[in-house]
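Inspection log for the structure reproduced underneath, given as structure tokens.
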Amino acid sequence: MRKGITIELDKPRTLRYGMNALAKIEDLTKKPIVGLDLNNLGIKDLLAIIFAGLCHEDKTLTIEETGNLIDEHSDMNTIAQKVGEAFTLAFGKAKDKDPKGE
């Protein structure tokens, strides 16, 4: 099973973006993953992404509870950073092209 990124909320939780989480994001946002601009997200989309990354370890978690956990135990900057790290872990880092463009 793919590793995730630990985030401190009410307890340590793991953001993980495998195939099921990515499909859940598409279902909730009504957008393909490749169409999501992580640098320009609305709150609803960000909340859906966070929820999808957390629900693998807590099947009873809801989107509203996810929002409450963030409000009570974290902040938007920390959450956005952790989501970015978890997406990088899921998709890998972009490979740098060599100077010749190969």
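The values are calculated or read from the model by the stated rules, or taken from the named source; none is laboratory data. Here the structure is a predicted model, which means the values were calculated and not measured. Every residue, glycine as well, gets a Cβ built from its backbone with ideal geometry; the counts of neighbours run over all protein chains shown.
Beta carbons closer than 7 Å, at least 6 apart along the sequence or on distinct chains, pair a first residue in region 1-17 that is crowded, with 16+ Cβ neighbours inside 10 Å with a second that is β-branched (Val, Ile, Thr) and modelled with pLDDT under 95 for Leu15/Val83.
Going by what's in this entry, would Lys44 be described as modelled with pLDDT under 95, over 19 Å from Ile5 (Cα atoms) and in a helix (DSSP H, G or I)? So that I can check it myself, show each step before the final result.
Numbers: modelled with pLDDT under 95: yes; over 19 Å from Ile5 (Cα atoms): yes; in a helix (DSSP H, G or I): yes.
Criteria met by Lys44.
Kindly indicate whether Asn68 is over 21 Å from Leu89 (Cβ atoms), free of Cβ contacts under 8 Å to residues at least 40 places away in the same chain and polar (S, T, N, Q).
yes
Filter region 18-35 for residues that are without any contact (Cβ under 8 Å) to a residue 12 or more places away in the chain and either under 13 Å from Phe87 (Cα atoms) or in contact with a helix residue (DSSP H, G or I) (Cβ under 8 Å, 6 or more places away or on another chain) (or both) and give the result. Scanning region 18-35 gives Met19, Glu26, Pro32, Ile33, Val34.
One residue is enough: does region 55-71 have a residue meeting the conditions surrounded by fewer than 16 Cβ atoms within 10 Å (Cβ to Cβ), over 12 Å from the mean Cα position of the chain (by Cα), hydrophobic (A, V, I, L, M, F, W, C) and at pLDDT below 95? The answer is no; no qualifying residue exists.
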